[in-house]
1. Please specify each residue of region A:57-87 satisfying the condition of being in contact (Cβ under 8 Å) with a residue 24 or more places away in the chain, surrounded by fewer than 20 Cβ atoms within 10 Å (Cβ to Cβ) and part of a strand (DSSP E or B).
2. Which number in (1) in contact with an Asp or Glu (Cβ under 6 Å, 6 or more places away or on another chain); (2) within 14 Å of chain B (Cβ to nearest Cβ); (3) not basic (Lys, Arg) marks the one condition that A:Thr81 misses?
3. List every residue pair whose Cβ atoms lie under 6 Å apart, where the two residues are 6 or more positions apart in sequence or sit on different chains, the first residue falls within region B:285-299 and is under 10 Å from B:Ala270 (Cβ atoms), and the second residue, located anywhere, is open to solvent by 50 Å² or more (accessible area, probe 1.4 Å) and at pLDDT 95 or above.
4. I'm trying to understand the selection: among the residues of region A:34-56, which are without any contact (Cβ under 8 Å) to a residue 24 or more places away in the chain and open to solvent by less than 90 Å² (accessible area, probe 1.4 Å)?
5. What residue, among those in region B:246-258 that are under 17 Å from B:Glu309 (Cα atoms) and open to solvent by 20 Å² or more (accessible area, probe 1.4 Å), is farthest from the chain's Cα centre (by Cα)?
6. When the residues of region B:326-367 are filtered to those that are more than 20 Å from B:Leu241 (Cα to Cα), loosely packed, with under 13 Cβ neighbours inside 10 Å and free of Cβ contacts under 8 Å to residues at least 40 places away in the same chain, which remaining residue is nearest to the chain's Cα centre (by Cα)?
7. Residue under question is B:Val79, and the condition is that it be β-branched (Val, Ile, Thr) and in contact with a helix residue (DSSP H, G or I) (Cβ under 7 Å, 6 or more places away or on another chain); does it hold?
8. Only one of these is touching a residue at least 24 places away in the same chain (Cβ under 8 Å), closer than 24 Å to A:Ala64 by Cβ and at the interface with another protein chain (Cβ under 8 Å from one of its Cβ atoms): A:Lys143, A:Lys120, A:Lys92. Name it.
Number of protein chains: 2
Amino acid sequence: MEASMTITCPTTDVERYPMYIGTGILSRAQEAVPESYRGFRPFLITDRNLVDHGHAAKIGTDPASTFVIDPPGEDAKNVRTVTAILNVLDEKGFGRDTLIIALGGGTVGDIAGFVASAFKRGVPVLQIPTTTVAQSDSSIGGKAGVNSDWSKNAIGTFWNPCAILMDVETLKTLDERHYVAGLAESLKHGLIADPAFVEYIETHTDAIKRREDDKLIELAKRNCHIKGTVVERDPYERIGLRFILNFGHTIGHAIETATTFRTLHGESIAIGMLGALHLGAAMNITPVDLFGHTETILRGLALPVRLPEGIDPARLAELMRRDKKAKEGRVRFVFLSEIGRVYVKNSDFAHTANREMIIDACRAIQA
Amino acid sequence: MEASMTITCPTTDVERYPMYIGTGILSRAQEAVPESYRGFRPFLITDRNLVDHGHAAKIGTDPASTFVIDPPGEDAKNVRTVTAILNVLDEKGFGRDTLIIALGGGTVGDIAGFVASAFKRGVPVLQIPTTTVAQSDSSIGGKAGVNSDWSKNAIGTFWNPCAILMDVETLKTLDERHYVAGLAESLKHGLIADPAFVEYIETHTDAIKRREDDKLIELAKRNCHIKGTVVERDPYERIGLRFILNFGHTIGHAIETATTFRTLHGESIAIGMLGALHLGAAMNITPVDLFGHTETILRGLALPVRLPEGIDPARLAELMRRDKKAKEGRVRFVFLSEIGRVYVKNSDFAHTANREMIIDACRAIQA
């Protein structure tokens, strides 16, 4: 058929957003909002934890312009919460000049980002990630979305923030388990892109665990630099580069599913990275000693290095096959060729492996 | 505060999409899908009317990959319908390689476009508008969204289709009232941008009403050309040009709200255009004779030219003030300076008017 006409839509301008990292800067958060959105009407989306720890009050928004997710956590990450917030915005007469402020961990950021993308065909969002996972990973890159009844992040959009602000003070009120879990994403960034960052984590393990300000800021900056660079080069997952951020995630996601999220994301990724290193070694891609080296660093950070008890490797392999990142049922992995370098073959960052070898790798990380 | 770093996200490539217009081309719809999405798994979103008239079957998708909105109509345009469709997609294992096919009027297109934008962070959508309103207006321009409990199109995104296909055969199964109502948008396009198109409609009123093929195709082409040109120059409503498409809509939306949508969109726009012409004349912007001229054309098309009974002009004015397109409570209008030309002042296409004059204009179109 011959087209009658073609419509050409120049996309919006290149999107640029600044990132602010510091300590004690929460109360100045609204200064991070770019000029063009300064007069916008702020609406804060946060959760009960941030309110209880006194962080939410520092933002200085009107309590009537606040939505508190309660109880907090992944269970809230669904269409019902999104709809509830959209209805509050609309009922209160918020318009296109709304500025969403997302204060919280990955769940809050995901929900608030999706709300911002869908309210009145899109309003700006200031992301203020408050957890190690969100500061190192989920707040950067514009992914926003919620879970369906069937799968994680099935419903969502790409919606870049107008700015990101990270106040490492918020990390100090995290419980130990959540704080530590998020460090797995930092180590992941080092392993895929920056040997010096791996060394930094090794050298300063204790100071990082004590949550010293300068270490937290350094961690945030290095994380943002690595993730930011990848995202800049592949913002919408078109060329596949962004897939390298999934190192450890193929097995990790399966662990989360198998334990119905009782194993935290960061914990699952820690174990998943070891699985991927083992599999890579078995396939002669990854140096054999990287498994032990990484295990030592993870143990130092007090991250888990073995599967929770009772998880069957064959079941894990089946869950991987059903993951949305599998292509036509073929499970895909990111492998390392050395510390700080991802294995690339035929310009591809994602590689398949046969089922038996996957199961063997899962056995190697069994409790 | 000084930013620690700035992330620059090149947006996606310029988006280009072809538009196919013809008669009897529904069964070839899948040929309209651009090369890069050919292998994608089609999922049809349509409504009961299209199924009953035999149009849906022509698309040739698997019945198991179809969602039929039933009952059809504006009441279905809500988050519940969107969520239901997203859940079906996810439950049936559809992935990122899904191609949404939207077959229907504005409601179907809006729902399906929003579903496409939010499923797995965005999948392509082939829009097949089947009504006069959708073919002339709503399918072009990438607006997708649903109503909240409080306002129209409160929840939505911009999501361009990968292609648009219009088969004028589908217009022949529309009931007379809906067919005629949509012609108001065609006349609107002529009035704001193309005097020759107004003349074409005047000259061929009877043939258009008889739904002759060549007239329907000509109408579709001219509509698409005008709307497409505006949308290309202001795809995301940034420069304000796109606002000219709201000629007649300020009063029109208020009529829809006041009659709880018993007056169809096109019918409301017909009356609203007359109101805007009267108001423009009272403000010495619009030639006085344009009101009578337009009224004659509208009557010829059998479109309403007066408000439904029992609508109070003061209440209409209040509804306009609360419309989302009002800015800080100031109602904004598009005026004509002559046939085919929108009035521009200080580079602005939207103009305020005082309340008394608005009420006067509404009185002029009272039954």
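The values are calculated or read from the model by the stated rules, or taken from the named source; none is laboratory data. Here the structure is a predicted model, which is why all the values come from computation and not from measurement. Note: ideal-geometry Cβ built from the backbone for every residue, glycine included; neighbour counts use all protein chains shown. Ligands, DNA and RNA are excluded from the accessible area calculation, which covers all protein heavy atoms including side chains. Shrake-Rupley method; radii C 1.70, N 1.55, O 1.52, S 1.80 Å.
1. Within region A:57-87, A:Asn78 is the sole residue that qualifies.
2. So A:Thr81 meets the others, but not (1).
3. Qualifying pairs under 6 Å: B:Ile297/B:Glu202.
4. Once the filter is applied, which keeps residues that are without any contact (Cβ under 8 Å) to a residue 24 or more places away in the chain and open to solvent by less than 90 Å² (accessible area, probe 1.4 Å), region A:34-56 yields A:Ser36, A:Val51, A:Gly54.
5. Filtering region B:246-258 down to residues under 17 Å from B:Glu309 (Cα atoms) leaves B:251-258.
With open to solvent by 20 Å² or more (accessible area, probe 1.4 Å) added as a condition, the list becomes B:253, B:257-258.
On the way: B:His253: 12, B:Thr257: 17, B:Ala258: 20 Å.
Looking at residues that are under 17 Å from B:Glu309 (Cα atoms) and open to solvent by 20 Å² or more (accessible area, probe 1.4 Å), I get B:Ala258.
6. My answer is B:Gly329.
7. Yes; evaluated as a whole, the condition is true for this residue.
8. A:Lys120
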